[in-house]
1. Going by how many other beta carbons lie within 10 Å of each one, how would you line up 23, 38, fewest first?
2. For residue 82 and residue 15 in the same chain, what is the full-extension length gain: residue separation times 0.36 nm, less their Cα-Cα distance, in nm?
């Protein structure tokens, strides 16, 4: 089984103000484990960007400059949006998360 087949995904949804949208998307891109970012307003998808798993740091900043420009233009038009993030998670990370949840209970 390859690493790609072993990866699972998680989906997180967060509310973001329009003026913080660009910095939040840059942060998500630089994390490197983000597969897809969707920007939604009132249940409608305004922008959906597929990302490469494993691309982070300076490489991401260069590769995704047009995406960040589009997000900036969108941020100028909206006030509050929902950002839906699909992340790649390895089985080891899932186990760690479950262990942390068990400790909190």
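Read-outs throughout are calculated quantities, based only on the coordinates presented, and are distinct from any laboratory measurement. Everything numeric in this text was worked out from a predicted model, so none of it was measured. Every residue, glycine as well, gets a Cβ built from its backbone with ideal geometry; the counts of neighbours run over all protein chains shown.
1. Ranking 23, 38 by Cβ neighbours within 10 Å, fewest first, gives 23, 38.
2. In short, 23.7 nm is gained.
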